[in-house]
Amino acid sequence: MKKLCLLSVLFFILLNAQSEEISGILVDNESQTPLFGVNIICGEIGTTSNALGEFTILAKVGDEISFSFIGYQTITTLLKPKMIVYMLPTVLEGDEINVNANRAISGVTPVSFSNLTAKEIETRYTSEDVPMVLSTEPGVWAYSESGNGTGYSYLSIRGFDQSRIGVMIDGVPLNDNESHQVYWVDHGDILADAKNVQIQRGVGNSLYGSSAFGGSINLNTEIVSDNRQVDISIGSGEWKTKRYRARYRSGNDLGDNLNMTFRVSNIESEGYRDYHNSKQNGMFFGLEHRGLKFRNQFRALIGYENSQLAWDGIYMENINDRTKRRDGYKAFTDDFLQQIYSINTYGQLRKNISFRNIAYLVIGKGYYEVEKSGQNYYSYNLDLNNEYTDLQEQNMLTDLLRRKWIKNNYYGVVPSLMWKDDQLRIDIGIELRFYKGDHFGEVSNFSNSNLISNVGDSWYKYYQYLGKKNSITSFARFLWHPQDQPFTLTVGFQNQKHNWDLNQKKIGHAVGHNLSADWDFLNPRFGMIWEVSDSMHFFVNWGKSQKEPADNQIIQADDVWSEPVMAAAEVINNLEWGMDFTLGKGHVRFNGYNIQYLNEQLKNIDVDQEGEYEYYSADSTSHMGFEWEAGFTLSSKLNAAANGAYVMNYFADGKSLPNVPETLFNVFINYRPINSSLIFIHWRRVGKMFIDNSNTEAGMIDSYGIWNIGAKYRWKGLDIMFKLNNIFDKLYSTYGYGYEYNGYHAYYWPGATRNAFISFSYSF
């Protein structure tokens, strides 16, 4: 027995003598971010990765080792010294019901897309509106009227403005049913709840919602948390920018099957430019219940904003003056409250059949207000007793206070089914949407004493019209992956039917137009993705998309002078190709596209109407370009990423479309000196762009490059983040317009000079 024990001891010592501590790092293959908490098994020894994705295990080189993590494919391989393991996101069998047809999947869906993870959002977001954060992605460009990213901000993809980009939050379409615009200012601090944001470029994969020409944006919010979280965040920056946030996540407080999230926020800023104050209050409530086969989510997103809008830019002679470039004047005040309620239901009907339904209600109410001087009676229907001729009214002037109101709501349901086997996936569904918008204008505070005596002190309603729009969208998509074949074929169809009505009341000189229109579009998409190898995929797709005109492209119903002009539907044909592959310690993706556009509706600022737009048809335009992105893990503490785009958008005569940057370029560097800290650097370059249809060189906006730097540090429950934007204090312009009238005139929107933001967050 003693000999046996001795032999056992000697064998154990010998075995361990052959083992050694072997370390490595685990990263997300798409975002290149470290993965924390990955389960690692080698023989009978187990461990997990730390916050930097690092692990150490006692084993021998050549031993079989497996890595498993929720939401990622399990990897089994042979152990190597200092190995870097790239884990691929996947869909859990139990969670597959959560994946809708509008989200692209790497290696499966033949489209160009980028995923912005919650971790990436944390390093790029402080208090800015969503467009400014998304502008770090390939082919995306954004600017804000205030200059520092608060208040009204605008986004484009491939040169297509946001009225041609389909935007959704948790499957709820956000594009305004009449103007097609997206008003990001209504959703202050929504990125605080974001689980991820996916940006698809081109016609893409979006099967319902507004027709996506430039692309689509899908923002998913997070409800579920593993543990109870109570956190408070306070942030402060230049120009009296402040952000306050309080949030509660229940974890298991409500039981194993019920989770809740509640968040309230306030963001305020005076803006880089004078008279660009903005206030945004936001509330998010989410409740999720998980059953054996069904998962139900309820969300309430309420946003209120009050913003000053100085519509005009800075004259070309003053844009390089550090004081005058900030000039503004009191113009519009915008005040709006929007409520979004939704119920998302996911269910597994059978082993290979899943069900999804989204029911939503969106309610909005608000106005924008402006003081107007020297306004004639005729334009505001102020001849209440019909005492004067039209010519007399046009020469009778008064100062006044004007408000333009909108009260609207829309609701809808989006039921869909997914059937899947080993080779085929089929998604079918329908969206039913019903919209109603009440528009009216009011005036008061007249300088003319006769009007005061006739109208009184109350508000006088000088126009009103009711807009209605009912939409039915049916969609289907087929993904076929033949067994043992390296390719996947995709076929998609979207059929949109829109019925639109506008009834203008006859008030004074307003004619009282009753207009209606019907549109019926069939939008087909075809694509293929080819798996060249385990680390390389190639895709190609073609799609056609059509979009009905916006209401103000048909008639400016708030203007008594306006006559209806039935604008033609816009049509694009999109051909796209690309490749992605893993390269050593990183990944590379690139793609090209060619878009032919018919009846593109472009806009000019109407100077007489103070910032409102006039639309005109560009007939035929071409949109071509290339996009790319890459990410590399240079060491366990250092990773880098970059992306870029080259854009060519032309009229039929070969001139460039205005306000479309020729090139876009981003570089990111992340460094972790210790586990609890992160230093991040971002460089963004925006290429030159013209500001008028004639491509006048004198008005062209020059290219510029901006450096930003930031740092995060965690100590127990306290998180501190500091960010310094435009560290070299560069003067640059983000947007402009120019025109010929007794010489050339140009106006520009300035970008903010050097500014800092610091925030403190504490988790209980």
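The length gained on full extension between Lys688 and Asn450, counted as 0.36 nm times the residue separation minus their Cα-Cα distance, comes to 80.4 nm. Here the Karplus curve 6.51 cos²θ - 1.76 cosθ + 1.60, taken at θ = phi - 60°, turns the phi angles of the stretch 152-162 into couplings of 6, 10, 9, 9, 9, 10, 6, x, 8, 6, 5 Hz, with x standing for Gly and Pro. Distances between placed amide hydrogens fall under 5 Å for Glu238 paired with Ala756, all partners being 5 or more residues away or on another chain. Once backbone amide H atoms are built at 1.01 Å from N, Val167 has Leu174, Asn175, Ser210, Ile217 as its partners under 5 Å, excluding neighbours fewer than 5 places away on the same chain. For Val230 and Gln73, the FRET efficiency from 1/(1 + (r/R0)^6), where r spans their Cβ atoms and R0 equals 41 Å, is about 0.75.
Peptide packing for 221-230, 732-741, 129-138, 676-685 was compared via the average number of neighbouring C-beta atoms within 10 Å per residue; ordered from the highest value, the list is 129-138, 732-741, 676-685, 221-230.
Remark: the Leu522-Glu20 segment gains 174.4 nm on full extension, using 0.36 nm per residue and subtracting the alpha carbon distance. With a Förster radius of 51 Å applied to the beta-carbon distance between Met566 and Tyr671, the computed FRET efficiency rounds to 0.35.
Under 20 Å from a point 7 Å along the Cα-to-Cβ line of Phe764: which residues of the stretch 247-287 have their amide N that close? Those under the cut-off are 247-255, 259-266, 283-286. Mind checking the angle between helix 2-18 and the chain's longest principal axis? C-alpha axes, 0 to 90 degrees, to the nearest 10. Computed tilt is about 40 degrees. Of all DSSP bridge pairs formed entirely within the chain, close to 95 percent run antiparallel.
Residues of the stretch 663-696 with an amide N closer than 14 Å to a point placed 7 Å from the Cα of Trp707 along the Cα-to-Cβ direction: 667-669, 680-685. Relative to the compact-globule estimate of 2.2 N^0.38 Å, the Cα radius of gyration of the chain comes out at 1.04.
Listed by chain and number, the aspartates and glutamates whose C-alpha is less than 18 Å from the C-alpha of Lys279, apart from same-chain residues fewer than 8 away, are Glu128, Asp129, Glu145, Asp186, Asp189, Glu238, Glu268, Glu270, Glu305, Asp334, Asp335, Glu369. Spin-label model, Tyr244/Lys655: points 7 Å from Cα along the beta carbon direction are separated by 5.1 nm. When you restrict to C-alpha pairs under 8 Å that are six or more residues apart and normalise by the size of the chain, the relative contact order lands at 9 percent.
Pairs exceeding 25 Å between alpha-carbon atoms, taken from Lys436/Lys505; Lys80/Lys716; Lys468/Lys497: Lys80/Lys716. The phi-based Karplus calculation (6.51 cos²θ - 1.76 cosθ + 1.60; θ = phi - 60°) puts the 3J(HN,Hα) values of the stretch 367-382 at 8, 10, 10, 8, 7, 10, 10, x, 8, 7, 4, 4, 5, 10, 6, 8 Hz, whole numbers, x for Gly and Pro. Computed 3J(HN,Hα) for the stretch 223-237, one whole-Hz value per residue from the Karplus formula 6.51 cos²θ - 1.76 cosθ + 1.60 where θ = phi - 60°, is 10, 7, 9, 5, 10, 4, 10, 10, 9, 10, 10, 10, x, 8, x, glycine and proline marked x. Between amide H atoms placed 1.01 Å from N, distances below 5 Å from Ser106 occur with no residue 5 or more places distant or on a separate chain. Label positions at Phe728 and Ser373, each projected 7 Å from the Cα along the C-beta direction, are separated by 4.3 nm. Each Cα pair under 8 Å and six or more residues apart adds its separation to the average, and for the stretch 96-218 the resulting relative contact order is 31 percent.
Subtracting the Cα-Cα distance of Lys80 and Ser635 from 0.36 nm times their residue separation leaves 198.2 nm of extension gain. Principal axis analysis of the Cα atoms in the stretch 289-423 yields extents of 75, 51, 30 Å, listed in decreasing size.
Values quoted throughout were computed directly from the atomic coordinates according to the rules given, and no laboratory measurement underlies them. Fair warning: this is a prediction, and the values are worked out from it, not measured in the lab. Glycine gets a Cβ as well: all are built from the backbone with ideal geometry, and neighbour counts include every protein chain shown.
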